[in-house]
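Okay, structure first, notes after.
Here, each number is a calculation from the coordinates, and none is a lab measurement. Everything quoted here is computed from the prediction, not taken from an experiment. Heads up, the Cβs are rebuilt from the backbone with ideal geometry, glycines too, and the neighbour counts pull from every protein chain shown.
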Amino acid sequence: MKKEAVVLGQHYQCAVKEDMEAPFVGQVDKLYENSALLTIVEYNSKKDKANVEELNHRIVVNFKQFIKETKVKDAVK
């Protein structure tokens, strides 16, 4: 996804294989040149609970790893 398509405060489904085992939904808190700081709002609790706690529910995600804009209720189970 391109930086111009990412909106501050919106929710996006992302996949970051280095830090999370499954896709998750995050809310954009801050935009950088090639990435964004997200608060993780929904995730696969069976696979990623420990990862999310270790990350303090925040993660920097490259725009290339954004999958789609989503609503919180549409999160990955």
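Once fully extended, how much extra length lies between residue 29 and residue 58, figured as 0.36 nm per residue of separation less the alpha-carbon to alpha-carbon distance? Please report the intermediate quantities before stating the final value.
Numbers: separation 29, 0.36 × 29 = 10.44 nm, distance 0.93 nm.
So the chain would gain 9.5 nm between residue 29 and residue 58.
Magnitude of the charge dipole for the chain, about its Cα centre and with charges confined to Cβ atoms of Lys, Arg (+1) and Asp, Glu (-1), is about 240 debye. For segment 13-77, GluC sites (Glu not before Pro) are listed when DSSP marks them as loop and at most 10 other Cβ atoms sit within 10 Å of their Cβ; the list is 18, 33. The alpha carbons of segment 1-42 stretch over 27, 18, 14 Å along the principal axes, in descending order.
Relative intensity of the chain on a log10 scale, I(q)/I(0) at q = 0.18, 0.26, 0.27, 0.28 Å⁻¹, equals -0.60, -1.29, -1.39, -1.49, per a Debye sum over C-alpha point scatterers of equal strength in the absence of solvent. Neighbours of residue 51, meaning other residues whose beta-carbon lies under 13 angstrom from its beta-carbon, give a summed charge of -1 when Lys and Arg score +1 and Asp and Glu score -1. Over the chain, DSSP H runs of length four or greater, each weighted -39,500 (n - 2.57), average out per residue to a 222 nm ellipticity of -4000 deg cm²/dmol.
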